[in-house]
Structures are given as C-alpha cells and as structure tokens.
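The values are calculated or read from the model by the stated rules, or taken from the named source; none is laboratory data. Every value quoted in this text rests on a predicted model; they were computed, and no experiment measured them. Cβ coordinates were reconstructed from backbone atoms using ideal geometry, including for glycine residues, and neighbour counts include every protein chain displayed. Quick note on the areas: whole protein, heavy atoms, side chains included, nothing else; ligands and nucleic acids left out. Shrake-Rupley method; radii C 1.70, N 1.55, O 1.52, S 1.80 Å.
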Amino acid sequence: MNSIIIAVIVLGGIAFVAAIVLYVCSKRFAVFEDPRIAQVNSLLPGANCGGCGFAGCKAMSEALVKESDKGSIENLSCPVGGTKVMSQVADLLGITVANGDPQVAVVRCDGTCTNRPRTSQYVGLRSCAAMNTCGSGETACGFGCLGCGDCVDACQFDAIHMNVETGLPVVDETKCIACGACSKLCPRHIIELRAKGPKNRRIYVSCVNRDKGAIAMKACKSACIGCGKCAKECKFEAITVEGNLSYIDFKKCRLCKKCVAVCPTKAIMAVNFPTPKNVEEKKEVEA
Amino acid sequence: MKIKTFSIGGIHPEENKLTHEVPTQVAPLPTQAIFPLSQHIGAPAKPVVKKGDQVKVGTLIAEAGGFVSAPIYSSVSGTVSKIDAAIDATGYRKPAIFINVEGDEWESSIDRSNNLELVRNHPELTPDEIIERIKNSGITGMGGAGFPTFIKLSPPPNTKPECVIINAVECEPYITADYRLMLEHSDEILIGLELLMKAAKVKRGFIGIETNKPAAIELFTHKCADVFDTTEYQVEVVPLQQRYPQGGEKQLVDAVIGRQVPAPPAIPVNVGAIVQNVGTVYAVYEAVMKRKPLFERYTTVTGKQLSKPTNYLVRMGTPIQLLIDLCGGMPEDDNKVLAGGPMMGKALISTEVPICKGTNAVTILSGDEARRQTPQPCIRCAKCVAVCPMGLEPYLLAKLSAHRDWEHAEHDGITSCIECGSCQFTCPAHRPILDNIRLGKSSVMNIIKLRQTK
Ligand code: SF4
Ligand code: SF4
Ligand code: SF4
Ligand code: SF4
C-alpha cells in the first residue's frame, strides 16, 4: 500500500516538475511564425514538386512571404499553380504581379526510328544518364535523345511519355506545368522550356546535333545541318546559327512559318498550326 | 617461393589467353592514320601541324596541352590531310589529326639500330634528364588508364618513393600483349627498369607476374640475377597468384610489398611505391636510350570467333578494322568489339576507332558471350561485398546512385571504386551494379571538383 502511495507521489512529482519545465521552455523559446506563411501555403497546390526551386510548397511559402516584405515576388513563380495561384498569393500579400508567358517543355530531337536508324546496341542499365556516361548511344548521332526515358521518370505530373513507335518522348501539353524536372535530368540537354505561344502555337528547331552537315545528315534524316537558310529567311532576326546548329528565339519569333518551308531537312517543328491543304507539314505527334 | 596476392576481394574469370604462344607480328601501315588529341588523362594535346604539312615517323604533331597532358608524335610519314572530329573509344566525336600515309621515312634523330646499350654506360644521364626525355616522348601509362608517366616520377612533396614495381600482371582475360613483350624484349625492359629506378632515386625494384606466365617468371628471375648482380640495384621477381584485378595499382602494391594505399586522393607513392606497366617500361627504354617517342605499341587482337587471334606491334592511329582484317576478318555474329579486355574494356560503336596509347587489346566477344541476363531483385547474398577489392559495398553504392543520393554515395566511398567490375561479374541476380556505380562516381567526382574550385 505504502509503496503505491510513494510511487504515485514520486511519479506525480516528476510529472509536475516536467510540466513546469516544458511550460517555461515553450514560453521562453517560442518561435514566432508569420501567420501569412500558413495562409500562403494553403493557396499553393501542395504538389511539393520542387518546380519553383524550393524543397517543397512550405519552403516556397516562406520565401514568398519574405520576398513580399521586400516589395516584389516577381522572381518567384509556382509552375503548377501558374498565374492564377500567383495572383491569389499576390492579393493576399498585398502586392501585384506581372503575368509571365506560360511555358511548356519541348523535346528538341526528331530522331525517330525511321529518321535516325540504329547503328549499335546498348546492353547496359536502361537509363539515359548511364548510357550517356559510358557511350554515345545506339545511333550515329552523339547529341540526340537516348530514348531510355529518364525524363519520363522525372515527371511528377504524368506529362511526358515515350512514343513506342518513334522511340522519342512526347510532352502532353495539357498536363505539362513547366516545372523543368525533365529538362534538368536529361543528360543530353535536349528538353527546353519554351513559351507555349499564342493559341499554343510555337516553332522551334527540333535538333541539337552540332556535327557538320554531312555527318549530321548521315546520322539522322531530320538533323539540322546548319545551312542557315532559315536564318536568311527570317525577317525578325529570331534565328541564329552557331556551331552547325540553328536556334529560334521564341521571344522574337512571330510564327510566320517562313523558316519551316525552307528547311531542307525539315528540322523545324511548327506545332498546333492548322494543316493547310497540299502542303506537307510536320506536326508534333500527340500522345 | 611464396606466391603472393592482394588481401581482399577478387575474382577469377575464365582466362582465355588464346594468343599466349603467338609471337608478335608487325602490323602493316594503314593508308590513313588518325590521332585523337585526347589519348591520355588530363588536358587534350594541342596540334602543332596544319593541313598539308609533311611529317615523318616520330615528328611531333601535338604538344602537351597542360601540366597533366602528353605530346603526340606521328607514327607514320606522309601528309596531314585534316584536323577534324573523329570517333574515339568513348563513341563521341573528338578532335583528331588525320595523316595520309606515304612511305615510311623516320626522323633521323631516332636510333634504329639493334644494339643494346646499358644505362650503366651512360652515367652522364641525371634523373632529371631521364624524366625530361620521358616527358618529351609522350609516354603515358600503357596499361589502359593513360596517366602521363613523367608525373609519377616526380612525386608530390611529403612522399618518398622507396621502390619501383613493374606491373607485368596482365590479369585481364584474353590479353597477352605484355606477356609477349616480356618474352621478346626482356633485356630492354630491364634497362627500362633501371632507368626508372635511377629517375625515381630508389634502389629497389619488383616485377610482379601472375603464375599463369611461368616462362616469363623464369626468364626474368634469371636475367635479374645476371643483370643486377653487380649493381647497386636490387630487383626481385614476385610471382603472384592468378586473381583479378591484381593488375590494379593498389592491389599490386598490396600484393607485392604488403602495404595498403589509403583512399583517394592517396596514390601508391604515398606508401612508397611507383607502379609502371611493363609496356610503359619498354617505352621508357626506347625513349631514353633510342630517342624514340611513343608511337607504336604491343596490342593483342583476340576473340574466340576470330580465325587468327594475334599479338601485334602496331603503329598508333591504325584503325582497328585493319587489325581485325589481318586476323581473318570480323566473324559473322552480333559481335561486341572492345578496346581493351572483357573486364575493363570499352565497347566500341565503330571499328574505325584508331589504336591509341592505352589500347592494350582489341577483344571481339560473340553476341552470346556479351549478352546480359535480365536483372532480378537483389537477394542480399553479399557476394559483391565479398569480391570488391576496394572493400566497398557495391550493392549499396549502386542503390545510392540510382536514387541520386550523391552525399551518401560520397560518404560511402564511391570514389574509391576502381571500376573493375568484379561486383557485377559475380552478382547472381545479374544486377547492373557497376553501371549504376559508374554513373554515381562521375557525378560525385564532378561535385567534388566544383567544391574545390569554389
Ligand atoms: S529526352 Fe533526354 S531524358 Fe528523355 S529519353 Fe531522351 S535523352 Fe533521355
Ligand atoms: S534551314 Fe533547317 S537545316 Fe538549315 S540551319 Fe535552319 S533548321 Fe538547320
Ligand atoms: S567495380 Fe568498384 S565496387 Fe565493384 S568490385 Fe570493383 S571496385 Fe568494388
Ligand atoms: S551480389 Fe547481387 S544479389 Fe548479391 S548482394 Fe550484391 S547486388 Fe545483391
């Protein structure tokens, strides 16, 4: 009997002391958290994709609140939420944001199985990164898509898939939120974030091969051979050819499609344009 | 005599030394020779010739492009046809010098006579002069890795070389180029060794040879007794148990002198040893005594399906296809052509790739030999751990790499991996362990480099 009472007193005493210590500590070392952080966090989509450049939505909320105190959140953006979420956040924080162009990932390679025949067989680990470190891939092009789908694994939004027929990844533009995960992971740096364009129309050079024309064309029928015809044709100085490769600046391109017509290898993609009659034109294969 | 070996790990793949008894043949000149500018670790060489220039055998065509770099000499005489991109062993196009072969005219400075002059008769050569000649002749390690040789002879401060070890192990299956070189040029190799010992200012030398080369062991034991008996140098032939990767520098040091080289950035000289491949030693002899820069090498061309596997003395820049033709042509199969042996060799995407300073073999594996089996889940048998000669946990490193967890991969020693492939070879679940590790190792190395330049 006695021992039970002692036990109760001792344990109760310890509990009481501990409670006091805890209370004092919680008051003394309390961390103030800005309530706006939680509010901003509830507006963000909660995808924790890292597309904004932070570890997750919570970290992004903290950054947004901190930056808003400096007067601007222009340099921060949530690709998943897009402008809608960003303007809600801005309203909450009492500042205005300019709307950026919505972007989308594009795969700058048209080395389909027919355009770019296989020349060897790779038997190691099926990963673009592994293939890229130990060799140049299975075709004669040392620049283009390796086809193991590292980008597909990287995408958290199910927006990029392998087309089994072409062996190339295809971006589903309704799902792609331009978080850039695929583009960061692609060891060949062929995925680029570009402006979606008015009516989702865009024009880009679908090739990254920097070999000389003859070699590039031997490896792939659809390679850019750096002939410069497109650059000459462009009235808006949107095209530069450097190191046997053409690049179209999407900020300057006015979608006139002149370059598309002159490219001898059809390396230039024009996406989401209506197909005119009697004119052969390439369209990006939809997933 | 006690047969030594390294202390942890190791495997024993099928030997397949098809060309052991095939005497070396001199390969004919190609019609065009290709010299990639990066044939060594370090900065690529810088061309000093231009299109249209006439060159002779032994003419300097590219100079060293930095401290860790090596010059390149022409192996043929003729006209420089272009400086352009050419596919090298990596499969990528890299800058190279192309020379159209016309005749076979050598630089007059090269001594082509056959008399053997011993270094003892050349007391005027100081260690620095020897190193200078090695440096100027473009010698890099000829066992495959391609590290410029002169750097190994000028060890970093706080290290003190105590011995030179000749790596005559040749533990890779199929390859026999070093073995044939040893039988055919033993005297020259011993002179080369003496030059190296003089250059490194050490008195002790070892020659490590695996026991599957009894003729070489016997020959060198006798010769060493003869040659070094009356000198201040002590050289010992060390027979080594057959075990892969005994030819790895660190494994060899462990096997021969029983010292363990610590993790990178430590190198063998941190424990007092300078390791040189036997082909390198021969090249050192030629460079120092004959003024002959490095432009030809011993290479084994081999494969079970080749009709005539042979060892060749071949001029660098010779396309591999030419050698395959000499051996009876490419067998009909879905072959895999490797620059190097089956364990460490690099699969080629084209047979137009030229023989370079580090190409010790061309191995042709049939589709059946090369085919991989479907990977299964890891069964935690720990076989990979048991065979890793670097004492790593390969299954774990592979997993960390696959998850891109570079931090832990670095912590668990991924940079120590010597890419010997023992783990992958032995895995009963056929997991692509080394593929993953290699990926992680290169990423971690990049991260370390970035950190250091910060
Ligand atoms: S786009 Fe890049 S990551 Fe995707 S499959 Fe091709 S090479 Fe791999
Ligand atoms: S026209 Fe076509 S091939 Fe020529 S530079 Fe432009 S994109 Fe390349
Ligand atoms: S490849 Fe690397 S991890 Fe695998 S056994 Fe060799 S040293 Fe160890
Ligand atoms: S050898 Fe293969 S199965 Fe065994 S532990 Fe290593 S990875 Fe797993």
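Each residue of the range B:118-261 gets 117 Å³ once the volume of the Cα convex hull is shared out per residue.
Mind checking which helices in chain A clear 20 Å along their axis (Cα) and have mean Kyte-Doolittle hydropathy of 0.5 or more, DSSP H runs only? Once both thresholds are applied, what remains is A:2-28. In chain A, the DSSP-assigned H stretches of four residues or longer account for a calculated mean residue ellipticity at 222 nm of -9500 deg cm²/dmol, using -39500 (n - 2.57) per stretch and the full residue count as denominator.
About its Cα centre, the dipole of the range B:144-207 is roughly 480 debye, where the only charges are +1 on Lys and Arg Cβ and -1 on Asp and Glu Cβ. For the range A:67-179, the residue among A:LEU76, A:CYS176, A:SER136 whose Cα projects farthest onto the positive side of the dipole built from Cβ charges is A:SER136.
With the charge dipole of the protein assembly as shown set up from +1 on Lys and Arg Cβ and -1 on Asp and Glu Cβ about the Cα centre, the Cα lying farthest toward the positive end among the listed residues A:ASN115, A:ALA90, A:ASN2 is that of A:ALA90. Here, P(r) means the percent of Cα pairs in each 20 Å bin from 0 to the largest distance; for chain B it is 25, 60, 16, 0. Note on the range B:6-137: antiparallel DSSP beta bridges, both residues inside, total approximately 95 percent of the bridges counted.
Other residues within the sphere of radius under 11 Å centred on the Cβ of B:LYS336, judged by their own Cβ, net out at -1 (K and R +1, D and E -1). Computed from Cα atoms alone, the Kirkwood hydrodynamic radius reported for the range B:56-144 is 15.7 Å.
Only Lys, Arg, Asp and Glu carry charge here, each on its Cβ (+1 for the first two, -1 for the last two); on that basis the protein assembly as shown has a dipole of about 2240 debye about its Cα centre.
One way to sum up the overall shape of the range B:1-117 is the equivalent ellipsoid from its Cα gyration tensor, whose semi-axes run 33, 22, 17 Å, largest first. Once A binds B, the 1.4 Å probe can no longer reach about 1400 Å² of accessible area, counting both sides.
First obtain the Kirkwood hydrodynamic radius of the range B:256-394 from its Cα pairs, then insert it into the Stokes-Einstein equation at 20 °C and 1.002 mPa s, and state the resulting D in µm² per second as a whole number. Value of D from the Cα-based Kirkwood radius: 119 µm²/s.
Surface exposure of the protein assembly as shown, expressed per residue as accessible area with a 1.4 Å probe, stands at 47 Å².
Normalised by 2.2 N^0.38 Å, where N is the number of residues, the alpha-carbon radius of gyration of the range B:365-408 equals 1.45. With pairing defined as another cysteine C-beta under 4.7 Å, the cysteines of chain B that fail it are B:CYS163, B:CYS171, B:CYS224, B:CYS327, B:CYS356, B:CYS378, B:CYS381, B:CYS388, B:CYS417, B:CYS420, B:CYS427. Applying a DSSP loop filter and a limit of 13 other Cβ atoms within 10 Å to the chymotrypsin sites (Phe, Trp or Tyr not before Pro) in the range A:1-97 leaves A:PHE29, A:PHE32. Pairs of Cα atoms in the range A:3-73 fall into 10 Å distance bins, from 0 up to the last occupied one, in shares of 17, 27, 17, 16, 13, 8, 1 percent. Here the dipole of chain B is about 1240 debye; that uses its Cα centre as origin and unit charges on the Cβ of Lys and Arg (positive) and Asp and Glu (negative).
As a ratio to 2.2 N^0.38 Å, the alpha-carbon radius of gyration for the range B:274-350 is 1.28.
Note that the range B:401-448 shows a convex hull volume over its alpha carbon atoms of 68 Å³ per residue.
When restricted to Cα atoms, the range B:321-454 yields an Rg and a Dmax of 17.4, 54 Å, respectively.
Return the loop-located trypsin sites (Lys or Arg not before Pro) in the range B:115-213 (DSSP other than H, G, I, E, B) with at most 12 other Cβ atoms within 10 Å of their own Cβ; answer none if there are none. Display every interim value, and only then the final one.
Working: sites: B:ARG120, B:ARG133, B:LYS135, B:LYS152, B:ARG180, B:LYS198, B:LYS201, B:LYS203, B:ARG204; in loops: B:LYS201, B:LYS203.
Passing sites in the range B:115-213 are B:LYS201.
For the protein assembly as shown, the antiparallel share of DSSP beta bridges with both residues in that region comes to about 65%.
Taken over the range B:375-454, the ratio of Cα radius of gyration to 2.2 N^0.38 Å equals 1.07.
Can you send over the carbon and sulfur percentage of the accessible area for chain B, probe radius 1.4 Å, protein chains only? After summing per-atom areas, the C and S share lands at 53 percent.
With the convex hull of the Cα atoms taken as the outline of the protein assembly as shown, the averaged projected area works out to 45.9 nm².
With every protein chain in place and a 1.4 angstrom probe, the accessible-area ranking of B:ILE87, A:ILE20, largest first, reads A:ILE20, B:ILE87.
Taking the square roots of five times each eigenvalue of the Cα gyration tensor of the range A:1-156, the equivalent ellipsoid has semi-axes of 54, 30, 11 Å, listed largest first. Helical runs assigned H by DSSP (4 residues or longer) give chain B a calculated mean residue ellipticity at 222 nm of -8500 deg cm²/dmol, each run adding -39500 (n - 2.57) before division by the residue total.
Taking GluC sites (Glu not before Pro) across the range B:219-262, the ones in a DSSP loop with at most 15 further Cβ atoms lying within 10 angstrom of their Cβ are B:GLU232. Each Cα pair of chain A feeds into the Kirkwood radius, which the Stokes-Einstein equation turns, at 25 °C and 0.890 mPa s, into a diffusion coefficient of 109 µm²/s. What the pair-distance distribution of the range B:207-330 shows, using all Cα-Cα distances binned every 5 Å from zero, is 2, 9, 12, 15, 17, 18, 14, 8, 4, 1, 0 percent. Counting Lys and Arg as +1 and Asp and Glu as -1 over every other residue whose Cβ lies under 9 Å from the Cβ of B:GLY58, the net charge comes to +2. Projected over every direction and averaged, the convex hull enclosing the alpha-carbon atoms of the range A:161-262 yields 7.4 nm². Using the Stokes-Einstein relation with a Kirkwood hydrodynamic radius computed over Cα pairs, the translational diffusion coefficient of the range A:82-213 at 37 °C and a viscosity of 0.692 mPa s comes to 202 µm²/s. Annotation: the antiparallel percentage among DSSP beta bridges lying fully within the range B:291-378 is about 75.
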